Amino acid sequence: MNQTFIFNGSGMGSASVGGPNRSCLTIVWNFYDVSFKTTSRLGYGSAVAIVLFVIIVLCAVIGMKLMNRKEEV
């Protein structure tokens, strides 16, 4: 998250996070900001966390399947 701090000039408050119109937010930073900082929308934050979890699990399963493929000779 240090790159996000450096790139967006954070540290001046949560309202300045994300660049113009919050277009540079990562999904993890958006989850944290919406859930705990600016609006305390815990339901929305939970939904974002679940979607992020599903994306990570799908990527892991696809990667494991690709690594376990055997080459036919």
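The values are calculated or read from the model by the stated rules, or taken from the named source; none is laboratory data. Every value quoted in this text rests on a predicted model; they were computed, and no experiment measured them. Every residue, glycine among them, receives a Cβ derived from its backbone with ideal geometry; neighbour counts consider all protein chains shown.
Please list, ordered by first then second residue, the pairs with beta carbon atoms under 6 Å, 6 or more apart or interchain, first in region 21-38 and among the aromatic types (Phe, Trp, Tyr), second in a helix (DSSP H, G or I).
Trp29/Thr4; Phe31/Gly45; Phe31/Val48; Phe31/Ala49
For residues in region 30-73 being basic (Lys, Arg) and part of a loop (DSSP other than H, G, I, E, B), which is surrounded by the fewest Cβ atoms within 10 Å (Cβ to Cβ)?
To start, the set of residues in region 30-73 that are basic (Lys, Arg) comprises 37, 41, 65, 69-70.
Applying the additional criterion that residues be part of a loop (DSSP other than H, G, I, E, B) yields 41, 69-70.
Values: Arg41: 13, Arg69: 7, Lys70: 5.
Out of the qualifying residues, it is Lys70.
Out of all the residues in region 13-25, is one or more modelled with pLDDT of 75 or more and among the β-branched types (Val, Ile, Thr)?
no
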